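The values are calculated or read from the model by the stated rules, or taken from the named source; none is laboratory data. Predicted, not measured: the structure shown is a model, and the values here were computed from it. Cβ placement follows ideal geometry from the backbone for every residue including glycine, while neighbour counts extend to all protein chains displayed. Just so you know, the surface numbers come from the protein's heavy atoms only, side chains and all, with ligands and any DNA or RNA stripped out. Shrake-Rupley method; radii C 1.70, N 1.55, O 1.52, S 1.80 Å.
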Amino acid sequence: MTALGSPKITQLLPMEHQAGLSFSHSADYTYIDYALRARWEPFVALEQEVTNFVPRTTGDFADHRVAELARLKRLNPDSPDEPLLEIIDGQIRANADPALQTYFRFNDRVMSEYVTVAFLAHALAEASINTILAIGLATSDAVDLFALIERADIKEKWVAGPKAFHPPYSLAKGATLYQTLQHLTRQRNSFVHYKIELEMNGKKTLEGSRLDRVPLQTQLQWIRRFFSLPYDLVSHVRSQIPGYPGLMLYDPTPVERFAAHSAT
């Protein structure tokens with residue numbers, strides 16, 4: 001029984017399965033789909049803001065330099081200007097660093113999108129493969145295998161699961177599509193099962209979670225790949241299994257598909 005208001009899909013099996021036999025299934029994964037696609041436009045706006053950001057140069061700190069010198073002179077009336085200016089100029093050089101300015105301005109917002117999209121994309125990818133397996137096995141009179149295959153790692157489910165009802169199916173582990181799935185899974189698990197990195201007396205005691213620590217522009221590129229991944233995985237199944245009866249994730253609008261995922 002589905003919950004009140006729960007989406008449901010009814011389909012007619014293609015002739016090659018069993019003519020005239022219909023089946024229906026719940027489709028609550030559509031809520032994950034909606035939630036993921038709802039993040040796309042805010043993400044694009046943030047991405048554009050990062051791209052258009054112009055860091056301040058050392059010359060932009062001229063007024064600050066004068067005001068800070070006056071402040072330090074009040075605190076150190078007997079000090080000559082030169083050593084105080086050395087301190088101020090060192091601070092200005094640090095604050096004028098483009099990478100540092102970008103980090104402090106955008107890091108929290110980019111990482112919020114990174115975590116949110118990673119969780120939603122992973123959830124949708126898992127919901128999708130579970131749906132694919134359930135329909136594929138049931139329409140092949142092998143539904144009893146679902147409970148066994150469903151417990152497998154999500155990557156293995158996408159690589160090997162459909163072979164249980166369509167042996168020619170393949171997803172190469174060297175393909176960009178699989179590499180994005182692998183990276184997404186590692187990052188999602190690092191957050192879900194987070195462990196701190198700990199040092200005691202200068203010696204690393206705990207390794208901690210293996211989070212991806214890369215420039216913000218690289219994080220933005222990964223977010224784009226995460227957005228596209230569930231839709232590209234399902235498209236891959238449709239291309240590998242002609243006539244597959246499942247209907248899901250046909251419309252990723254407004255998400256922009258990651259073209260390299262199709263090179264499998």
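Who wins for biggest fluctuation among VAL214, VAL117, VAL159 in a Gaussian network model of the chain, springs between alpha carbons below 10 Å? Maximum among the listed residues: VAL214. Each of TYR244, LEU124, ASN107 was placed along the dipole of the chain (beta-carbon charges, centred on the mean Cα), and the one lying farthest toward the positive end is TYR244.
Heavy-atom surface analysis with a 1.4 Å probe gives region 195-244 a carbon and sulfur content of 51 percent of its accessible area. Using a ≥ b ≥ c from the Cα gyration tensor of region 50-183 (square roots of the eigenvalues), is it rounded, prolate or oblate, where a/c under 1.5 gives rounded and otherwise the larger of a/b and b/c decides, a/b for prolate? Taking the square roots of the gyration eigenvalues as a ≥ b ≥ c, region 50-183 is prolate. The sum of -39500 (n - 2.57) across all DSSP H runs of n ≥ 4, divided by the residue count of the chain, sets its helix-only mean residue ellipticity at 222 nm to -18500 deg cm²/dmol.
About its Cα centre, region 118-184 has a charge dipole of approximately 220 debye under the convention of +1 per Lys or Arg Cβ and -1 per Asp or Glu Cβ, with nothing else charged.
About its Cα centre, region 54-148 has a charge dipole of approximately 320 debye under the convention of +1 per Lys or Arg Cβ and -1 per Asp or Glu Cβ, with nothing else charged.
Give the average over all directions of the projected area of the C-alpha convex hull of region 47-95, one decimal, in nm².
Details: hull surface 15.9 nm².
With the hull built on Cα positions only, its mean projection is 4.0 nm².
For the residues ALA175, ALA67, ALA138, a GNM of the chain with alpha-carbon springs under 10 Å puts the largest fluctuation on ALA67. Dipole size of the chain about its Cα centre, with +1 on Lys/Arg Cβ and -1 on Asp/Glu Cβ: approximately 420 debye, rounded to the nearest 20.
Among PRO242, PRO55, PRO83, whose mean-square fluctuation peaks in a Gaussian network model of the chain (Cα, cutoff 10 Å)? In the Gaussian network model the winner is PRO83. Hydrophobic, long helices, defined as DSSP H runs whose alpha-carbon span along the helix axis is 15 Å or greater and whose mean Kyte-Doolittle value is at least 0.0, occur in the chain at 98-138.
Pairs of Lys residues in the chain are counted when their Cα atoms are under 18 angstrom apart and they lie 8 or more places apart or on different chains; the count is 6.
Quantify how much of the Cα-Cα distance distribution of region 134-208 extends past 22 Å, in percent.
46
Exposed loop sites were defined as chymotrypsin sites (Phe, Trp or Tyr not before Pro) in DSSP loop states (anything but H, G, I, E or B) carrying at most 11 other C-beta atoms within 10 Å; in the chain the longest segment without such a site runs 1-193.
Using the Cα gyration tensor of region 180-223, with a ≥ b ≥ c the square roots of its eigenvalues, what is the shape: rounded (a/c below 1.5), prolate (a/b larger than b/c) or oblate (neither)?
Judged from the Cα gyration tensor, region 180-223 comes out oblate (a/c at least 1.5, b/c at or above a/b).
Per the Debye calculation on region 63-121 with a single equal scatterer at every Cα and no solvent contribution, log₁₀ I(q)/I(0) for q = 0.14, 0.18, 0.20, 0.26 Å⁻¹ amounts to -0.56, -0.70, -0.77, -0.98. When the inverse distances between all different Cα atoms of region 131-264 are averaged and flipped, the Kirkwood radius reads 16.9 angstrom.
A straight line joining the Cα centroids of region 26-79 and region 117-144 runs 40 Å.
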